[in-house]
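Each reported figure results from applying straightforward, stated rules to the coordinates on display, with no laboratory input. What you are looking at is a predicted structure, and each value in this text was computed from that prediction instead of being measured. Please note: Cβ atoms are built from the backbone with ideal geometry, for glycine as well, and neighbour counts cover all protein chains shown.
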Amino acid sequence: MSQVQPSMSLANPHPPFFDTAQRIWAGISFLGIGMMGAAGFGVASLNKSHFLTLSIALLAIGIIGFSYRTFLTRSEGIKNNGVWFSSTMARGMIGWAAGIVITLFYVLLYWYPAYLGLGSEGGSNVGLVGFFDPLSMTFKGVPASQWFVYGTLYTLAIVLFGIRFIWRYRHNRYQIIRTLSVMGFQLFFAYMIPEIMEGLNSDLNTKWFDKDLKNMWPLDYDFFDQWHIANMSTTGLVGWSFLIFSLLLIFFISPLLTYKYGKRWYCSWVCGCGGLAETAGDPFRHLSDKSMKAWKIERWLIHGVLVFSIIMTIAVVYGYLGDGNQYYITRTTFTWIVVSLLIASAVVMYFFMRKNKYSGESLNKIIAGISGVVVIILIINSLAGSGNAFFVDNYFFKKWYGLLIGAAFSGVIGVGFYPLMGSRVWCRFGCPMAAILGIQQKFFSKFRITTNGGQCISCGNCSTYCEMGIDVRMYAQKGQDIVRASCVGCGICAAVCPRGVLRLENGSLDIFEKTENVRNIHIRPEASTTS
């Protein structure tokens with residue numbers, strides 16, 4: 001006789017968790033991770049190449065097998081099978097443990113690589129870094145660095161969890177195509193091509209080859225550094241080609257694609273940070289905070305990082321520009337270019353805000369004030385012939401930006417906090433690329449998410465699974481288009497909607513109508529709780 005459950009909830013209060021097959025597949029993947037860990041502690045004594053191949057194979061087989069059992073043995077569609085009951089996916093003990101382990105790994109990777117086995121200059125690698133020497137030798141003929149280990153594991157995670165993501169959202173063609181896109185961009189443009197090119201051009205000064213070829217300023221905050229520009233401009237046709245293409249990407253291609261498709265063309269289809277968040281971070285997307293407090297912190301942080309990155313870049317470039325003997329642009333010319341761009345940007349934003357009666361926020365006023373101060377200091381320094389842009393050493397800003405933003409925020413917190421704060425912590429709160437594309441999307445893009453409020457049943461799936469912390473349900477209930485700077489256009493809100501209320505569209509660009517729509521919903525009520 002079956003036991004009678006006392007709960008009268010319409011939802012199953014005892015959701016299905018792992019079955020025996022899932023536990024076996026999970027065990028296989030953890031065996032692969034354990035072999036890497038054993039190598040990290042110097043336990044492994046087998047042939048490195050064989051041991052590495054076996055560990056990666058076990059990891060891949062385990063993840064793919066677990067994903068197959070979890071999703072392909074069940075019908076299509078999103079089923080909220082216990083995400084708020086899981087210790088891993090609901091900030092339980094396993095979730096906290098995973099967050100701590102990932103964070104500690106990134107701390108060692110960025111600041112203490114010797115503990116991972118990185119040899120001193122001229123010395124041989126041991127431990128985890130030495131474990132990847134055979135693969136590094138195959139690609140470029142030199143022993144592995146901590147960054148090669150990082151890139152390999154990063155790419156492996158996106159590819160393997162990308163397969164999981166595709167199987168989970170196989171009912172949605174948009175999700176399949178964009179996931180294949182981020183997997184391809186990471187595998188080829190961020191990993192294999194740069195590594196192979198570095199090996200093929202080992203006789204040249206090709207330090208720039210180890211960069212992610214699809215990254216651009218301001219996400220690639222090293223792009224305008226003197227060493228980077230010099231390396232690209234002194235490596236022949238290939239280097240100059242990448243330099244010219246990168247500049248076109250920053251100033252022409254990116255704004256044009258954002259105008260037509262919104263920031264999703266980069267954040268959800270190309271970017272490796274977004275790729276890892278969408279694939280390996282997918283189980284944690286519902287943990288993103290939807291509250292008004294989080295929204296306010298987000299806006300201040302991400303725009304603050306953008307301002308910091310612009311000031312840092314101005315200081316670095318100003319510092320190495322001289323009298324024109326080495327570069328075509330002098331410090332004086334550069335100063336007036338920057339001043340002109342800042343003034344032009346301020347005029348354009350003022351025009352749109354005034355034309356559409358957009359409320360003057362304190363954040364906008366502070367950014368405008370900082371821009372004015374930057375303009376004044378640059379002009380004073382230029383007239384005085386100072387070698388520093390802002391009265392301090394030009395690389396002072398670079399040092400602190402690299403430490404606080406480039407390493408601690410984007411690397412350690414951005415990934416380590418997946419199990420605690422959701423999958424897009426870096427993209428939502430710190431990425432300057434997301435900030436600058438978001439401004440373009442909000443005012444100058446044809447992209448919007450349209451809603452059909454009459455069909456909304458207020459299930460809350462859209463808000464729950466929005467990794468950017470947007471209360472999508474509120475817009476749907478009001479029948480308002482979603483035009484938000486933070487939206488990365490991942491389309492999950494539409495994929496999990498049971499009624500087809502939401503659609504990602506590239507409509508005609510009516511700037512004033514869009515901005516009016518944003519203004520009307522700018523002061524929003526507290527986000528409702530979703531489950």
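Residues whose amide H lies under 5 Å from that of Val496, counting only those 5 or more places away or on a different chain, are absent; hydrogens are built 1.01 Å from N in the peptide plane.
Can you tell me how much longer the chain between Met192 and Phe85 gets when fully stretched, taken as 0.36 nm per residue apart minus their C-alpha distance, in nm with one decimal?
On the way: separation 107, 0.36 × 107 = 38.52 nm, distance 3.92 nm.
Gain on extension, Met192 to Phe85, equals 34.6 nm.
May I ask which of Lys290/Lys442; Lys79/Lys446; Lys296/Lys442 have a Cα-Cα span longer than 21 Å here? From Lys290/Lys442; Lys79/Lys446; Lys296/Lys442, over 21 Å: Lys79/Lys446.
Pairs with C-alpha atoms separated by more than 30 Å, drawn from the list Lys48/Lys399; Lys263/Lys293; Lys263/Lys398; Lys140/Lys260; Lys214/Lys399, are Lys48/Lys399; Lys140/Lys260. May I ask for the net charge around Ser458, where only other residues with Cβ less than 15 Å from the Cβ of Ser458 are counted and Lys, Arg are +1 while Asp, Glu are -1? Its environment carries a net charge of +3. When peptides 135-143, 278-286 are sorted by average Cβ neighbour count within 10 Å, with the highest value leading, the order is 278-286, 135-143. Remark on Ser423: its backbone amide H falls under 5 Å from those of Arg285, Leu287, Ser288, a criterion applied only to residues 5 or more positions apart or on other chains, H modelled at 1.01 Å from N. Per residue, the convex hull spanned by the Cα atoms of region 66-206 amounts to 139 cubic angstrom. From most to least packed by mean Cβ count within 10 Å, the peptides 336-342, 415-421 give 415-421, 336-342.
Karplus-derived 3J(HN,Hα) values for region 101-115, using 6.51 cos²θ - 1.76 cosθ + 1.60 with θ = phi - 60°, are 5, 4, 4, 4, 4, 5, 4, 5, 4, 7, 10, 9, x, 4, 6 Hz; glycine and proline are entered as x. Using a simple spin-label model with pseudo-atoms 7 Å out from Cα toward Cβ, Met137 and Ser340 lie 5.5 nm apart.
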